[in-house]
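Accompanying notes for the structure given below.
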Amino acid sequence: MNNPYLPMSVTIKKITIENEDRDIKTFDLGFNDKKDADKFKYTCGQFAEISILGTGEAPIGIASSPMDKELVQFTVKKYSTGVVTSALHNLCPGDMIGIRGPYGNGFPMNDFEGSNLVIVGGGFALTTLRSLTEYILHEKNRARFKDITVLYGARSPGELIYKSELKQWDQREDINIHLTVDKGDEKWKGRVGLVPNVLKELALSSKDGVALVCGPFIMVKYTIPPLLDLGFSPERIFTSLEMRMKCGIGKCGRCNIGSKYVCKDGPVFTYKELQELPNEY
Ligand SMILES: Cc1cc2nc3c(=O)[nH]c(=O)nc-3n(C[C@H](O)[C@H](O)[C@H](O)COP(=O)(O)OP(=O)(O)OC[C@H]3O[C@@H](n4cnc5c(N)ncnc54)[C@H](O)[C@@H]3O)c2cc1C
Ligand code: FES
């Protein structure tokens with residue numbers, strides 16, 4: 001019988017330092033067994049349990065696009081008290097770790113077809129939205145979706161992650177990119193302002209629109225009212241929850257909110273679904 005807790009073996013192929021504080025890194029992982037690579041089919045918004053032998057495991061959102069067949073990527077912030085994230089940040093290319101998944105529901109990409117997408121990210125929570133944006137921009141997918149607008153904010157210019165991807169997206173004509181920082185510096189020529197305020201200023205149309213919001217809890221909380229004011233309905237606003245988890249597969253009861261298991265029924269929920277849940281997240 002298959003043991004659902006058994007991780008697959010992967011090798012770290014590349015590590016990218018994403019921010020000035022050097023505590024956010026993207027890990028490119030390659031499966032050591034081709035059969036595992038073929039089995040690991042995921043959709044945007046799903047997560048996996050990343051494990052380090054003798055240390056533990058942690059749920060991490062998948063940052064790569066499902067169109068990337070060779071590698072799977074994760075962007076991880078090191079918490080000073082974080083057991084797994086600290087250990088992971090000490091590893092080097094060539095080191096082996098474990099992965100089990102993919103888990104969770106992910107974004108209902110097929111339901112977004114023919115819609116204008118407003119993608120709102122804050123801080124390092126852009127990870128699964130990066131997966132989604134790269135997926136949509138793929139030449140095989142772009143025609144399935146209408147206008148794409150990305151609004152991404154961070155505390156400071158040095159904390160904006162995925163700088164090379166943001167540059168590539170900005171050079172394209174089929175996506176609108178708006179970057180903002182809470183506080184600029186002498187080199188920053190861009191916008192300064194909090195994400196919810198910039199969203200109000202942009203006054204984007206909600207016609208045929210879907211909004212996808214991932215960020216620190218406080219940012220998400222203050223971003224939803226302007227989206228509702230713009231006319232996005234609660235069932236067309238999506239976000240992803242980061243509850244404490246253990247098993248990741250709906251067995252241990254660690255992550256439940258009311259009748260929902262975030263690891264299985266989520267982590268992606270519409271705002272309408274969240275309104276119907278007890279306020280425990
Ligand atoms: C679906 C999902 C996707 C995630 N995606 C990412 C990702 O892409 N990148 C990333 O860096 N992290 C992500 N996380 C968060 C990550 O799983 C946690 O921070 C995890 O606890 C880190 O493991 P650790 O062993 O390093 O930290 P731990 O030793 O478990 O904890 C470190 C410290 O952070 C606190 N803490 C950790 N997680 C939470 C939480 N959810 N709520 C409140 N306090 C918490 C702990 O109390 C402790 O003080 C995700 C979590 C979920 C559920
Ligand atoms: S983490 Fe165990 S039930 Fe969700």
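Along Cα→Cβ, 7 Å out, is where each label goes; now give me the distance between the ones at LYS146 and LYS34 in nm to one decimal.
Calculated label separation equals 4.4 nm.
Obtain the nm distance between the two label points defined at ASP68 and ARG244 by a simple spin-label model: each point lies 7 Å from its Cα along the Cα-to-C-beta direction.
Each label point lies 7 Å from its Cα, and together they span 3.1 nm.
In whole Å, what are the Cα extents of the chain along the three principal axes, biggest one first?
Principal extents (largest minus smallest coordinate, Cα): 52, 46, 39 Å.
Excluding SER65 itself, what net charge comes from residues whose Cβ is under 9 Å from its Cβ, given Lys and Arg +1 and Asp and Glu -1?
Residues near SER65 contribute -1 overall.
Net charge around ASN19, counting only other residues with Cβ within less than 13 Å of its Cβ (Lys, Arg = +1; Asp, Glu = -1)? Can you show the working numbers first?
Numbers: positive: ARG22, LYS25, LYS77, LYS78, ARG155, LYS163; negative: GLU18, GLU20, ASP21, ASP23, GLU159.
Taking every Cβ under 13 Å from that of ASN19, the sum is +1.
How long is the gain from LYS272 to GLU20 if the chain were fully straight, where each residue apart is worth 0.36 nm and the alpha carbon distance is subtracted? Provide the component values of the computation, followed by the final result.
Numbers: separation 252, 0.36 × 252 = 90.72 nm, distance 3.67 nm.
87.0 nm is the gain from fully extending LYS272 to GLU20.
Would you mind pulling out the separation of the Cα centroids of region 60-106 and region 1-36, in Å?
Rounded to whole Å, the Cα centres lie 5 Å apart.
Assuming 0.36 nm per residue, please report the length gained on full extension of the stretch TYR79 to LEU202 beyond their Cα-Cα distance. Please report the intermediate quantities before stating the final value.
On the way: separation 123, 0.36 × 123 = 44.28 nm, distance 3.37 nm.
Once the chain is fully extended between TYR79 and LEU202, it gains 40.9 nm.
Of the peptides 115-124, 210-219, how do they stack up when ordered by the mean number of other Cβ atoms within 10 Å, highest first? Don't jump to the answer; show the numbers that get you there.
Working: 115-124: 23.4, 210-219: 21.2.
In descending order of packing, they fall as 115-124, 210-219.
Please state, rounded to one decimal and in Å, the Kirkwood hydrodynamic radius that region 1-116 gives when every pair of distinct Cα atoms enters the mean of 1/r.
Values: mean 1/r = 0.0672 Å⁻¹.
Mean inverse Cα-Cα distance, inverted, gives 14.9 Å.
Which FRET efficiency value, to the nearest 0.05, is calculated for SER9 and GLN168 with the Förster distance at 45 angstrom and r the Cβ-Cβ distance?
Values: r = 31 Å, r/R0 = 0.70.
Rounded to the nearest 0.05, the efficiency is 0.90.
Would you mind computing the Rg to Rh ratio of region 185-261 from its alpha-carbon coordinates, Kirkwood style for Rh?
On the way: Rg = 16.5 Å, Rh = 14.9 Å.
Using only Cα positions, Rg/Rh for region 185-261 is 1.11.
Counting only C-alpha contacts under 8 Å and six or more residues apart, can you give the relative contact order of the chain as a whole percent? Display every interim value, and only then the final one.
Values: 569 pairs, mean separation 48.8, N = 281.
Reported as a whole number, the value is 17 percent.
For ASN90 and ARG254 in one chain, what is 0.36 nm times their gap in residues minus the Cα-Cα distance, to one decimal in nm?
Numbers: separation 164, 0.36 × 164 = 59.04 nm, distance 2.80 nm.
This chain segment gains 56.2 nm when fully extended.
Any idea how many Lys pairs in region 1-114 come in under 20 angstrom at the alpha carbon, given 8 or more places apart or on separate chains?
Step by step, the pairs that qualify in region 1-114 add up to 19.
Output the relative contact order of region 156-281, whole-number percent, from Cα pairs under 8 angstrom with separation of 6+ residues. Present the calculation step by step, with values, prior to reporting the outcome.
On the way: 139 pairs, mean separation 21.2, N = 126.
Reported as a whole number, the value is 17 percent.
Distance in nm between label sites at ARG191 and GLU139, each 7 Å beyond Cα in the beta-carbon direction?
A separation of 3.1 nm, rounded to one decimal place.
Only the coordinates and a few stated rules stand behind these numbers; no lab work does. Here the structure is a predicted model, which means the values were calculated and not measured. Cβ coordinates were reconstructed from backbone atoms using ideal geometry, including for glycine residues, and neighbour counts include every protein chain displayed.
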